[in-house]
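Undergrad: Below you will find the structure I want to go over with you.
The values are calculated or read from the model by the stated rules, or taken from the named source; none is laboratory data. Computed from a predicted structure; not experimentally measured. Glycine gets a Cβ as well: all are built from the backbone with ideal geometry, and neighbour counts include every protein chain shown. Keep in mind that these areas ignore ligands, DNA and RNA; they rest on the heavy atoms of the full protein, side chains included. Shrake-Rupley method; radii C 1.70, N 1.55, O 1.52, S 1.80 Å.
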Amino acid sequence: MTERLRLAIPNKGRLAEPAVKLLRDAGLEFDPHDRRLVAPVENLALDILFVRANDIVEFLADGVADVGITGVDLLAESDATLRTLRRLGFGHCALSVAVPDESTYRTVDELAGSRAATAHPNVARRYFAERGLDVDVIPLSGAVEVAPRLGLAEAIVDLVSTGSTLAMNGLRPIAEVLASEAVLVAGPAAEGRADEVAAIDLMLAAVLAARSSRYLMMNAPSAQLEILRSLLPALASPSVIPLANPDMIAIHSVVGADDVWRLLPSLRAAGASGILVLPIELMVG
Ligand code: AMP
């Protein structure tokens, strides 16, 4: 019997909840609430391993898990070579260089000869070295943003999403080191299980595509078909369905979720009525 594929996801922190939501939206049935390390998926030969976000790369590199969900920043910090399969559209943040509001630093070049505290020492050292800057990188495991106040460092290299944590700590960003988001990655244990890994990747891709699309249905006078077609995305050929009234048709089309509010007024002006906007559960291109 082949072993069940193992997918490692964060058990807490910022990536945990959206990762579980992604798997649930894909239709996977499992119980993440009892805080066990492993949750077997009931409707697929897959075990979900709940581990600390920081440990996921290690689990993959060691072959304890086959695939995992982690942040681009954590991958970059590790020296393991893992295969990134897909960006997952959540956990967006930037690893940034920040300095105290009242400091005179404007650019990273001015940091030569100073100290920078960070929980990402490998990425930070590479960043400063690539710029030929002699910056003493001080590794910390947390609470990086208080380092300047404690006199530990003149700057920090830390993750920023809204910037409110920086602002609260009297810091301002001066440069972006790396843009990050959650990614699906495969480790060496996934070699030789290409079909199973591709199936997981396809499943998550189908959720992401569905989330960014809407199914649009409308009725319209048949004579308006060409003008309505010209308003709808060129790639998706809409379905045109005859109605009991021979002068009317129904048009169905998939459109980008972000385009809906731009499209609705022009569709109405072109004669569409009874317009329905429906969510899509899964979408495979
Ligand atoms: P956590 O477990 O909450 O410390 O976060 C783990 C991962 O969440 C980080 O390594 C990033 O990939 C991601 N993340 C997204 N936004 C942020 C943010 N504003 N601060 C820290 N981590 C973030």
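Undergrad: Across the range 209-221, which residue is farthest from residue 69 (Cα to Cα) among those that are out of contact with any Ser or Thr (no Cβ under 6 Å at 6 or more places or on another chain) and open to solvent by less than 40 Å² (accessible area, probe 1.4 Å)?
TA: 220
Undergrad: Moving on to the next point. Can you pull out every residue in the range 5-18 that is surrounded by 20 or more Cβ atoms within 10 Å (Cβ to Cβ), near the ligand (Cβ under 10 Å from one of its atoms) and hydrophobic (A, V, I, L, M, F, W, C)?
TA: Passing the criteria: only 15.
Undergrad: Separate question: Within the bounds of the range 74-81, is there any residue that is away from the ligand (no atom under 16 Å from the Cβ), open to solvent by 80 Å² or more (accessible area, probe 1.4 Å), closer than 28 Å to residue 141 by Cβ and free of Cβ contacts under 8 Å to residues at least 12 places away in the same chain?
TA: Yes - at least one qualifying residue is present in the range 74-81.
One line per residue, one yes/no per condition, for (1) at pLDDT 95 or above; (2) open to solvent by 20 Å² or more (accessible area, probe 1.4 Å); (3) farther than 30 Å from residue 26 by Cβ:
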site	(1), (2), (3)
91	yes, yes, no
117	yes, no, yes
129	yes, yes, yes
134	yes, yes, yes
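Undergrad: Let me ask something additional. Consider residue 59 carefully, then state whether it is closer than 27 Å to residue 127 by Cβ, open to solvent by 10 Å² or more (accessible area, probe 1.4 Å) and either more than 16 Å from the ligand (Cβ to nearest atom) or outside the structural domain of residue 152 (by TED's automatic domain parsing) (or both).
TA: It is true that residue 59 is closer than 27 Å to residue 127 by Cβ, open to solvent by 10 Å² or more (accessible area, probe 1.4 Å) and either more than 16 Å from the ligand (Cβ to nearest atom) or outside the structural domain of residue 152 (by TED's automatic domain parsing) (or both).
Undergrad: Condition test on residue 115, is it closer than 24 Å to residue 168 by Cα and more than 16 Å from the ligand (Cβ to nearest atom)?
TA: yes
Undergrad: Right, something else. Return the residues of the range 242-266 that are closer than 24 Å to residue 285 by Cβ, assigned to a helix (DSSP H, G or I) and in contact with a helix residue (DSSP H, G or I) (Cβ under 9 Å, 6 or more places away or on another chain); say none if nothing qualifies.
TA: Scanning the range 242-266 gives 257, 263.
Undergrad: Further question on the same structure: Quickly run through the range 94-115 and pick out the residues that are of a type outside the set (Phe, Trp, Tyr) and open to solvent by 30 Å² or more (accessible area, probe 1.4 Å).
TA: 101, 102, 104, 106, 107, 109, 110, 112, 113, 115
Undergrad: Which pairs turn up if I take residues in the range 146-167 that are over 28 Å from residue 134 (Cβ atoms) and touching a residue at least 12 places away in the same chain (Cβ under 8 Å) and look for partners that are near the ligand (Cβ under 9 Å from one of its atoms) and of a type outside the set (S, T, N, Q) with beta carbon separation below 7 Å, at least 6 apart in sequence or on another chain?
TA: Qualifying pairs under 7 Å: 161/92; 161/93.
Undergrad: Go through the range 239-258 and count every residue that is of a type outside the set (S, T, N, Q), open to solvent by less than 90 Å² (accessible area, probe 1.4 Å) and under 21 Å from residue 279 (Cβ atoms).
TA: 8
Undergrad: Hey, does the range 76-94 have a residue that's hydrophobic (A, V, I, L, M, F, W, C) and more than 30 Å from residue 194 (Cβ to Cβ)?
TA: yes
Undergrad: Still on this structure: Please list, ordered by residue number, the helices (runs of 4 or more DSSP H) wholly in the range 1-105 having 3 or more residues that are touching a Pro at 6+ places or on another chain (Cβ under 7 Å).
TA: 16-25
Undergrad: Picking from 49, 37, 85, which residue would you name as being open to solvent by less than 30 Å² (accessible area, probe 1.4 Å) and more than 15 Å from the ligand (Cβ to nearest atom)?
TA: Every option except 49 fails the conditions.
Undergrad: Yes or no: residue 275 in a helix (DSSP H, G or I), out of contact with any Pro (no Cβ under 6 Å at 6 or more places or on another chain) and either outside the structural domain of residue 45 (by TED's automatic domain parsing) or open to solvent by less than 50 Å² (accessible area, probe 1.4 Å) (or both)?
TA: Against the criterion (in a helix (DSSP H, G or I), out of contact with any Pro (no Cβ under 6 Å at 6 or more places or on another chain) and either outside the structural domain of residue 45 (by TED's automatic domain parsing) or open to solvent by less than 50 Å² (accessible area, probe 1.4 Å) (or both)), residue 275 does not qualify.
Undergrad: Quick check, is residue 236 open to solvent by less than 60 Å² (accessible area, probe 1.4 Å), in contact with a strand residue (DSSP E or B) (Cβ under 8 Å, 6 or more places away or on another chain), of a type outside the set (S, T, N, Q) and in contact (Cβ under 8 Å) with a residue 24 or more places away in the chain?
TA: It is false that residue 236 is open to solvent by less than 60 Å² (accessible area, probe 1.4 Å), in contact with a strand residue (DSSP E or B) (Cβ under 8 Å, 6 or more places away or on another chain), of a type outside the set (S, T, N, Q) and in contact (Cβ under 8 Å) with a residue 24 or more places away in the chain.
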